[in-house]
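Visitor: Right, I'll just put the structure down here and ask away after.
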Amino acid sequence: MHNLIEKDFKAIISLPPRNDTEAEIFSQWDSSGPEEFNFYGQDFIFPKGIHAEAKAKWIEPEVLLVEIFIEGEIVSSCARCLAPVSLEISGNLMYLYSTKSADSLEEDFGDEEPIELENFGRVLDIGPQIQESIFALLPRKILCNENCKGLCPSCGKNLNEGPCSCEKEISDPRLEALKQFKF
Ligand SMILES: [Zn+2]
Ligand SMILES: [Zn+2]
């Protein structure tokens, strides 16, 4: 089974018949997992793989709307204490594909900048957009718990398991200097 986040991943979808704005074509992909990767310095693992779905529909003769749905369980590490954290991610992203540039479209799609294509064939590779959707759905900061106390910066002990024996008072030379002043 292919991995959805590998470099040459292709997700080929068939396009609905031209000029039929009612028809919708559904495609789906599953990787058996695990998928492991590093994204901006953070390691992520999808132990059971990733599930992706796409629905393609013409909204104008030259404008194709593709709705991508991603679902999977990820394992990563807590930003404070480094403990493994497992969480579910899922979400939808919309993409527009068009042979026209954004300003020559009749309808205004707001922030949705269409991906410009030379022409539409019978099929389309939406692999890059599926990967982009997976990355867009990754949490920016992962915590095992909102109140995670993290690791002691001096001894490295996980402070969620109890206090360490390091000196509690923070000796900062600037604070020491302030103590000399009498207010
Ligand atoms: Zn933590
Ligand atoms: Zn300590």
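Visitor: Once the Cβ-Cβ distance between SER14 and LYS157 is put in as r, and R0 is 45 Å, what FRET efficiency do you end up with, to the nearest 0.05?
Guide: Taking R0 as 45 Å, the efficiency between SER14 and LYS157 is 0.20.
Visitor: Once you have the Cα-Cα distance between ASP125 and GLU113, take 0.36 nm times their residue separation minus that, and quote the gain in nm to one decimal.
Guide: Between ASP125 and GLU113, full extension yields an extra 2.5 nm.
Visitor: For segment 61-102, go through all pairs of different Cα atoms, get the mean of 1/r, take its inverse, and jot down that Kirkwood value in Å.
Guide: 13.2
Visitor: A follow-up question, please. Let me see the pair-distance distribution of segment 27-120: every alpha carbon pair, 5 Å bin width, integer percents in order.
Guide: 3, 11, 17, 16, 12, 12, 11, 10, 5, 2, 0
Visitor: Would you list HIS51, HIS2 from the most to the least accessible area, probe 1.4 Å?
Guide: HIS2, HIS51
Visitor: If you consider only alpha-carbon coordinates, what radius of gyration and Dmax does the chain have, in Å?
Guide: For the chain, the Cα-based Rg and Dmax read 24.4, 83 Å.
Visitor: For every helix of n ≥ 4 consecutive DSSP H residues, a contribution of -39,500 (n - 2.57) applies; sum these over the chain, divide by its total residues, and give [θ] at 222 nm rounded to the nearest 500 deg cm²/dmol.
Guide: Mean residue ellipticity at 222 nm (helix-derived): -3000 deg cm²/dmol.
Visitor: Now for a separate question. Can you classify segment 8-72 as rounded, prolate or oblate using the Cα gyration tensor, where a ≥ b ≥ c are the square roots of its eigenvalues, rounded means a/c under 1.5, and otherwise it's prolate if a/b beats b/c and oblate if not?
Guide: Cα axes put segment 8-72 in the prolate bin.
Visitor: State in Å² the accessible area per residue of the chain; use a 1.4 Å probe, count heavy atoms of protein chains only, and round to the nearest integer.
Guide: 64
The values are calculated or read from the model by the stated rules, or taken from the named source; none is laboratory data. Remember, predicted model here, so these are calculated numbers, not experimental data. Note: ideal-geometry Cβ built from the backbone for every residue, glycine included; neighbour counts use all protein chains shown. Please note that ligands, DNA and RNA were not included when accessible areas were found on the heavy atoms of the full protein model with its side chains. Shrake-Rupley method; radii C 1.70, N 1.55, O 1.52, S 1.80 Å.
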